[in-house]
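Enquirer: Below is one structure. I have some questions about it.
The values are calculated or read from the model by the stated rules, or taken from the named source; none is laboratory data. Everything quoted here is computed from the prediction, not taken from an experiment. FYI the Cβ positions are ideal-geometry reconstructions off the backbone, even for glycines, and counts take in every protein chain you see.
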Amino acid sequence: MGTAFYIAAAVAILSTIMVITRYNIMHALLYFIVSLLSVAVVFYLYGAPFMAALEVIIYAGAIMVLIIFFVMMLSLGSQTAGEERSWMTPGVWIGPSILCLVLLGELVFLILQPAGPAGEVRVVEPKEVGLSLFGPYILAVELAGMLLMAGIVGAYHLGRQKKKIVHRFLQTPES
Amino acid sequence: MISPTTAGLILAGILFTLGLISMLIRRNIIFMLVSVEIMLNAAGLAFIVAASKWGQPEGQVMFMFILAMAAAEVSVGLALILQLYHQLKTLDSDEASRMRG
């Protein structure tokens, strides 16, 4: 704890700021991967090594690769960077940013209020997590499986290319 | 010196706020999806911090559910963005607010 946490937190905040200010979407996604990795370090420091591994494997691995391949499939990148720059004029982003920062200041103030004795960081073993996951929360695990199934079916249904129907007189003769 | 729990919650709050700002100021719909991911990640961080504060596994269980939900959400969201891009030929979310055909 201490220095390691503050370094990881600073990296996370800086890379997230870089994510929300980039115009090129590939640069933003690569910075977001750095942000996820530093959050994984924070998880490890808070006594959740298994969750740190899951964060790297699923978030930084699977989900980000999915988004990056999607962007490459649409072949965006430098083409949309120009219009993204024209959309991000200061008049657009100053108002919401100030309002959100006011909310953040209020939240930090409320967290910093003196409370009970501060607990130390306790390591929660993956074994306890597994016992809890497949004991009292077995119904929620099954519901998560059904959610993933619905996600797969929905993604297949939405992502399918519709066959274009052209009248046979309008079709060009195949050579 | 602030306690580890306070520091972790403040970090989660900062990350969530950055995601919220990005969600509000962006018009590119892929950037909006990424900022939703930032906010989900910050919520998961808050759960992990709470789990280490109380020494209970429930927080990590909730983080695994957040992870599963994020995966499902990204796949469906990307499929919707693909449909939108084929319909409108742009990623501007303001184009989709007109609700024409």
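Enquirer: Which number in (1) facing chain A (nearest Cβ under 7 Å); (2) surrounded by 18 or more Cβ atoms within 10 Å (Cβ to Cβ) marks the one condition that B:Gly59 misses?
Expert: All conditions pass for B:Gly59, except number (1).
Listed here are the residues, each with its yes/no results for (1) without any contact (Cβ under 8 Å) to a residue 24 or more places away in the chain; (2) closer than 25 Å to A:Gly61 by Cβ.
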site: B:Ala43; (1), (2): no, yes
site: B:Phe63; (1), (2): yes, yes
site: B:Ala68; (1), (2): yes, yes
site: B:Ala96; (1), (2): no, no
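Enquirer: Would it be correct to say that B:Ile10 is of a type in the set (Val, Ile, Thr), over 14 Å from the mean Cα position of the chain (by Cα), in a helix (DSSP H, G or I) and buried (at least 22 other Cβ atoms within 10 Å of the Cβ)? Before you say what the answer is, go through the steps one by one.
Expert: Numbers: of a type in the set (Val, Ile, Thr): yes; over 14 Å from the mean Cα position of the chain (by Cα): yes; in a helix (DSSP H, G or I): yes; buried (at least 22 other Cβ atoms within 10 Å of the Cβ): no.
No; evaluated as a whole, the condition is false for this residue.
Enquirer: Determine whether segment A:83-93 contains at least one residue that is of a type in the set (A, V, I, L, M, F, W, C) and modelled with pLDDT of 80 or more.
Expert: Our first condition is that a residue be of a type in the set (A, V, I, L, M, F, W, C); within segment A:83-93, this holds for A:87-88, A:92-93.
Within this subset, residues satisfying the condition of being modelled with pLDDT of 80 or more are none.
No, because not a single residue in segment A:83-93 is of a type in the set (A, V, I, L, M, F, W, C) and modelled with pLDDT of 80 or more.
Enquirer: Of all residues in segment A:118-152, which are in contact (Cβ under 8 Å) with a residue 60 or more places away in the chain and within 7 Å of another protein chain (Cβ to nearest Cβ)?
Expert: If the condition is that a residue be in contact (Cβ under 8 Å) with a residue 60 or more places away in the chain and within 7 Å of another protein chain (Cβ to nearest Cβ), then A:Val121, A:Arg122, A:Val124, A:Val129 are the ones that fit.
Enquirer: Before we move on, is A:Leu37 in a helix (DSSP H, G or I), without any contact (Cβ under 8 Å) to a residue 60 or more places away in the chain and facing another protein chain (nearest Cβ under 7 Å)?
Expert: On the way: in a helix (DSSP H, G or I): yes; without any contact (Cβ under 8 Å) to a residue 60 or more places away in the chain: yes; facing another protein chain (nearest Cβ under 7 Å): no.
No, not satisfied.
Enquirer: Scanning for something out of contact with any Ser or Thr (no Cβ under 8 Å at 6 or more places or on another chain) and either at pLDDT 80 or above or surrounded by 11 or more Cβ atoms within 10 Å (Cβ to Cβ) (or both), does segment A:163-173 turn up at least one residue? Steps first, please.
Expert: Our first condition is that a residue be out of contact with any Ser or Thr (no Cβ under 8 Å at 6 or more places or on another chain); within segment A:163-173, this holds for A:163-173.
Checking which are either at pLDDT 80 or above or surrounded by 11 or more Cβ atoms within 10 Å (Cβ to Cβ) (or both) leaves us with none.
Looking for residues that are out of contact with any Ser or Thr (no Cβ under 8 Å at 6 or more places or on another chain) and either at pLDDT 80 or above or surrounded by 11 or more Cβ atoms within 10 Å (Cβ to Cβ) (or both), one finds none in segment A:163-173, hence no.
Enquirer: So for segment A:1-12 (the condition being of a type outside the set (S, T, N, Q), under 27 Å from B:Ser52 (Cα atoms) and loosely packed, with under 12 Cβ neighbours inside 10 Å), does at least one residue qualify?
Expert: Restricting attention to segment A:1-12, the residues satisfying the condition of being of a type outside the set (S, T, N, Q) are A:1-2, A:4-12.
When the remaining residues are screened for being under 27 Å from B:Ser52 (Cα atoms), the result is A:1-2, A:4-12.
In the following step, the residues that additionally are loosely packed, with under 12 Cβ neighbours inside 10 Å were identified as A:2.
Yes, the conditions are met somewhere in segment A:1-12.
Enquirer: Would you call A:Phe43 part of a helix (DSSP H, G or I), aromatic (Phe, Trp, Tyr), at the interface with chain B (Cβ under 10 Å from one of its Cβ atoms) and within 29 Å of B:Ile29 (Cβ to Cβ)?
Expert: Numbers: part of a helix (DSSP H, G or I): yes; aromatic (Phe, Trp, Tyr): yes; at the interface with chain B (Cβ under 10 Å from one of its Cβ atoms): yes; within 29 Å of B:Ile29 (Cβ to Cβ): no.
The answer is no for A:Phe43.
Enquirer: Kindly establish whether B:Val49 is under 12 Å from the mean Cα position of the chain (by Cα), buried (at least 19 other Cβ atoms within 10 Å of the Cβ) and at the interface with another protein chain (Cβ under 7 Å from one of its Cβ atoms). Write out each step before concluding.
Expert: Working: under 12 Å from the mean Cα position of the chain (by Cα): no; buried (at least 19 other Cβ atoms within 10 Å of the Cβ): yes; at the interface with another protein chain (Cβ under 7 Å from one of its Cβ atoms): yes.
No; evaluated as a whole, the condition is false for this residue.
Enquirer: Suppose we filter A:Phe50, A:Phe69, A:Phe5 for residues that are more than 7 Å from chain B (Cβ to nearest Cβ), touching a residue at least 40 places away in the same chain (Cβ under 8 Å) and of a type in the set (Phe, Trp, Tyr); which single one remains?
Expert: Values: A:Phe69 fails: touching a residue at least 40 places away in the same chain (Cβ under 8 Å); A:Phe5 fails: more than 7 Å from chain B (Cβ to nearest Cβ).
Going through A:Phe50, A:Phe69, A:Phe5 in turn, just one is more than 7 Å from chain B (Cβ to nearest Cβ), touching a residue at least 40 places away in the same chain (Cβ under 8 Å) and of a type in the set (Phe, Trp, Tyr): A:Phe50.
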